[in-house]
Amino acid sequence: MRTRTIGNDTVGRVEVGAIGLGLMTFDQTGTAPREQLADTVRAAVDAGVTLFDTADAYGPGEEKGAGAQGENERLIASLLDELGVRDRVFLATKGGHTRTDGGGWDTDGSPEHLQAAVDASRERLGVDTIQLWQHHRPDPKVPYDDIIGTLKEIADSGKVAMIGLSNADPDQIRAAHAVLGDTLVSVQNQFSPGWRSSADELAHCADHGLAFLPWSPFGGVGSAGSLASTAPAFAEVASELGVSVHRVTLAWHLAQADVVVPIPGASRVASVEDSVAAADLTLSPAHLTRLNQS
């Protein structure tokens, strides 16, 4: 698979597969059979997928409520160790989002929570240093400048190698970059055929050498199956090329800029294989024009 780069000369550059793997779907609506998940991880790694993206807030919230916090990290760490492939994976996680009873979501950007979240993720993942730790979502109760200050303390602690932002706007990215410098290496925002409001953030990342990691590239959990109907132009191009609409969508993401590393979710081998094939699909200028204007 083609590769993309995360990092810089200061913190180091890591080559990752152009298609990553979002791990939320492993247990968000109930944990899939372990053998199935193990097969998915093995297929992804063997196909050249190296960026694995989790978060401390991922887990079966409807089933466990606030107790879901950290469940996805534990699951992923155990699978990587069971398969003996940890050294072939660039493992990213996030903190600052929390689960509530009833399966809901909340935010906590307090210094105490973010510092504790880093330590808890290190323990669950079984690492001394988290390769990429991302602030998951702004907390309206905490000024963003204060959150940036905490991120700086976390970066200086040596507990994380690189810092990323998620769900951040251009002003927040600029403010964080001014304080964090080269420790800030990535931005993870929602971006898909039906959700392009992060186009400015993507362009900013391309201009400043930050990796852009689109989450929910097919439109969100539960939306992948309806992509053909919600993105008809993508379905038309897919039909013309004789490939899946999902493959066309990921190829379109990759064509936006060379800093883009989509992280589609998958919990089955066939889904991984189809996603990986997007890295080798080149869309014509005419196709890209149609898709960009759709």
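Worth pointing out:
Per-residue answers, yes or no, for (1) over 19 Å from the mean Cα position of the chain (by Cα); (2) β-branched (V, I, T); (3) at pLDDT 95 or above:
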residue: V49; (1), (2), (3): no, yes, yes
residue: A55; (1), (2), (3): no, no, yes
residue: L75; (1), (2), (3): no, no, yes
residue: L79; (1), (2), (3): no, no, yes
residue: L83; (1), (2), (3): yes, no, yes
residue: K94; (1), (2), (3): no, no, yes
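- If you filter segment 17-29 down to residues that are within 11 Å of I263 (Cα to Cα) and crowded, with 22+ Cβ neighbours inside 10 Å, you find that the one that is farthest from the chain's Cα centre (by Cα) is A18.
- Residue match in segment 9-16 (condition: buried (at least 22 other Cβ atoms within 10 Å of the Cβ) and under 14 Å from the mean Cα position of the chain (by Cα)): yes
- Hits in segment 186-210 (condition: touching a helix residue (DSSP H, G or I) at 6+ places or on another chain (Cβ under 7 Å), assigned to a loop (DSSP other than H, G, I, E, B) and closer than 16 Å to V261 by Cα): N189, F191, P193
- Strands (runs of 3 or more DSSP E) (entirely within segment 1-65) containing at least 2 residues that are of a type in the set (S, T, N, Q) and closer than 18 Å to G164 by Cα: 3-8
- Across segment 79-92, the number of residues qualifying as more than 15 Å from M24 (Cα to Cα) and part of a helix (DSSP H, G or I) comes to 7.
- Checking E123 against (1) part of a loop (DSSP other than H, G, I, E, B); (2) over 22 Å from W215 (Cβ atoms); (3) of a type outside the set (F, W, Y), the condition it does not meet: (1)
- Filter pass, D128 being part of a loop (DSSP other than H, G, I, E, B), under 30 Å from R42 (Cβ atoms) and in contact with a helix residue (DSSP H, G or I) (Cβ under 8 Å, 6 or more places away or on another chain): yes
- Of the helices (runs of 4 or more DSSP H) lying entirely inside segment 211-294, those containing at least 1 residues that are of a type outside the set (V, I, T), at pLDDT 95 or above and surrounded by fewer than 16 Cβ atoms within 10 Å (Cβ to Cβ) span 232-241, 269-277, 285-293.
- For the residues S157, S223, S216, the requirement of being among the polar types (S, T, N, Q) and closer than 24 Å to E112 by Cβ singles out S157.
- Taking the criterion of being closer than 11 Å to V260 by Cα and among the small types (G, A, S), the only residue of segment 211-226 that qualifies is A211.
- Against the conditions (1) over 17 Å from L291 (Cβ atoms); (2) without any contact (Cβ under 8 Å) to a residue 24 or more places away in the chain; (3) under 18 Å from the mean Cα position of the chain (by Cα), S166 satisfies every one except (2).
- Meets criteria (more than 27 Å from V185 (Cβ to Cβ) and buried (at least 19 other Cβ atoms within 10 Å of the Cβ)) for L51: no
- Any hit, segment 37-50, residues being more than 15 Å from S121 (Cα to Cα), among the polar types (S, T, N, Q), in contact (Cβ under 8 Å) with a residue 24 or more places away in the chain and out of contact with any strand residue (DSSP E or B) (no Cβ under 8 Å at 6 or more places or on another chain): yes
- Restricted to segment 124-170, and to residues there that are among the acidic types (D, E) and out of contact with any strand residue (DSSP E or B) (no Cβ under 8 Å at 6 or more places or on another chain), the residue that is nearest to T10 (Cα to Cα) is D156.
- Scanning segment 135-185 for residues that are among the aliphatic types (A, V, I, L, M) and in a loop (DSSP other than H, G, I, E, B) yields a count of 4.
- Residues satisfying the stated conditions in segment 114-143, i.e. farther than 18 Å from T183 by Cα and surrounded by fewer than 18 Cβ atoms within 10 Å (Cβ to Cβ): A116, D119, A120, E123, G126, V127, P140, K141, P143
- Qualifying residue in segment 98-106 (condition: modelled with pLDDT of 95 or more, not β-branched (V, I, T) and not in a strand (DSSP E or B)): no
The values are calculated or read from the model by the stated rules, or taken from the named source; none is laboratory data. Everything numeric in this text was worked out from a predicted model, so none of it was measured. FYI the Cβ positions are ideal-geometry reconstructions off the backbone, even for glycines, and counts take in every protein chain you see.
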